[in-house]
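Note sheet for the following structure.
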Amino acid sequence: IELDQDFGTSFSGVLIDEEASVKALWGSFSRQVGGEEREFCAGIHSYSFKGWIEKTVDFLKKGQGESNEEVGGDVGMAEAGAEGKQAGRSVPVPVMNIEFQALLLSKAANYGLGEKWIKALAEFDRERKQVLRVKSCMTGSSARERGISEGDMLLQVNGKIVSSFAHLQQVLEEMQGVGVEELKLTVFKMQQQRLEEVSMKVDMVDGLGTDRLVHWSGAQIQGSYRALRERGFLPKNHGVYISRWHHGSPAHRYGLYALHWILEVNGAETPDIDTFLQVVSKLEDKSFVRIKVCHLDNKPKVITLKLNHGFWPTWLLTLNHRSGEWERSVLQN
């Protein structure tokens, strides 16, 4: 959503109507223009988050009610039950793991979309007269595995025509309500100039992101979080990701910098946080370690690092989903 009057980039909040109902979130965004970052303000329509907010309110009310019932019984059982509900830590949201962009039907016709579908989409949505085109797919997603690629045009989902993000979200919510886990897509493959039926799974995500961080030799290490996978590249057996390093640490002195995955430690693969912690737990203080890494731009290299547990111990940060607080535990010192 854009406004006729430009208020600059200093304001954020919400857009409301005459009855004080929230119509959109108003915030700051950035985009690449000629290789430079350009900041602008725009609104996100309420339809994109209204359903999720309603479900979240119901989820919290239900959780509060269950907690009160448990406290009325056995306090110990209540605490154990709350800890056991860590998996249900938030309202799950169905996602296709595909980034779409709107394309005018006039341009879609130039790319080869048939007249039959042009007319069907135009009659279905006379206001927008557009089709959704795939911009990218998340690495490791069902969409990418099933052959969805950049430039494909989405025509139908489960037999229903979709031409906007609102239509697509409505179909996903209906699917979630009846417990369906797969979508049947009708797509126009621009590269092959043909229609294709594709079945793909829908992921349920909670949107809470990272809940564990490891600090090892001054490097902040975590799993490959969603925003990273959305870039479209992960190395094979992608390992753990370095998102930050600290000045003066072994990571700093020996070149174990951010934007790298740690693929191997002394020849042992480290595909996830648990495996990484098992491997480094066997390393002695002051010892030299051979580390194979891969940069975000797919440039691998091997470095050697000397450990210093005295000044740079290994410690773990874990998010407690019950309290919302981070808990720190030292693993090696």
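The values are calculated or read from the model by the stated rules, or taken from the named source; none is laboratory data. What you see is a predicted model, and the numbers here were worked out from it, not measured in a lab. As a convention, Cβ positions derive from the backbone with ideal geometry for all residues, glycine included, and neighbour counts pool all protein chains shown. These area figures cover heavy atoms from the full protein model, side chains too; ligands, DNA and RNA do not enter into them. Shrake-Rupley method; radii C 1.70, N 1.55, O 1.52, S 1.80 Å.
Rounded to the nearest 20, the size of the Cβ-charge dipole of the stretch 182-238 about its Cα centre is 240 debye, with Lys and Arg at +1 and Asp and Glu at -1. Find which of 53, 96, 111 sits farthest along the positive direction of the dipole of the chain, computed with +1 on the beta-carbon of Lys and Arg, -1 on that of Asp and Glu, about the Cα centre. Of the candidates, 111 comes out farthest on the positive side. Around residue 139, with a cut-off of 9 angstrom between Cβ atoms, what is the net charge of the other residues, counting Lys and Arg +1 and Asp and Glu -1? Net charge around residue 139: +2. Taking all protein chains in place and a 1.4 Å probe, what share, in percent, of the accessible surface of the chain do carbon and sulfur account for? For the chain, the apolar C and S fraction of the accessible surface comes to 50 percent. The GluC sites (Glu not before Pro) of the stretch 160-242 that DSSP puts in a loop, and whose beta carbon has at most 15 other beta carbons within 10 Å, are 181, 230. Rounded to the nearest 20 debye, the dipole magnitude of the chain is 1480 debye, with +1 charges on Lys and Arg beta carbons, -1 on Asp and Glu beta carbons, and the Cα centre as origin.
Phi angles of the stretch 124-131 translate, via the Karplus equation with coefficients 6.51, -1.76, 1.60 and θ = phi - 60°, into HN-Hα couplings of 5, 9, 6, 7, 8, 6, 9, 9 Hz per residue; Gly and Pro are given as x. What the phi angles of the stretch 146-153 give under the Karplus curve with 6.51, -1.76 and 1.60, with θ = phi - 60°, is a coupling list of 8, x, 5, 9, 4, x, 5, 10 Hz, glycine and proline written as x.
What does the C-alpha gyration tensor say about the overall shape of the stretch 271-333? Classify as rounded when a/c is under 1.5, otherwise prolate if a/b is larger than b/c, or oblate. Taking the square roots of the gyration eigenvalues as a ≥ b ≥ c, the stretch 271-333 is oblate.
For the listed peptides 139-146, 236-243, a ranking on the average number of other beta carbons within 10 Å per residue, highest first, reads 236-243, 139-146. For the stretch 147-228, the solvent-accessible area of protein heavy atoms averages 45 Å² per residue (probe radius 1.4 Å; ligands and nucleic acids excluded). Of the residues 188, 171, 199, the one whose Cα sits farthest towards the positive end of the charge dipole of the stretch 159-218 is 188 (charges of +1 on Lys and Arg Cβ, -1 on Asp and Glu Cβ, taken about the Cα centre).
Count Lys and Arg as plus one, Asp and Glu as minus one, and take only other residues whose Cβ is under 10 Å from that of residue 43; the net charge is then 0. Ellipticity at 222 nm from helices only: DSSP H runs of n ≥ 4 in the chain, each -39500 (n - 2.57), divided by the residue count, give -7500 deg cm²/dmol. Taking packing as the residue-averaged number of other Cβ atoms within 10 angstrom, the listed peptides 104-111, 325-332 run from highest to lowest as 104-111, 325-332. Solvent exposure of the stretch 242-306 amounts to 54 Å² per residue of accessible area, where only protein heavy atoms count and the probe is 1.4 Å. Packing-based ranking of 92-102, 294-304 yields 92-102, 294-304, ordered from highest to lowest mean Cβ neighbour count within 10 Å.
What is the stretch 99-228 by shape, rounded, prolate or oblate, if you read a ≥ b ≥ c off the alpha carbon gyration tensor as root eigenvalues and call it rounded for a/c under 1.5, prolate for a/b larger than b/c, and oblate otherwise? Prolate is the answer for the stretch 99-228, as a/c is 1.5 or above and a/b outweighs b/c.
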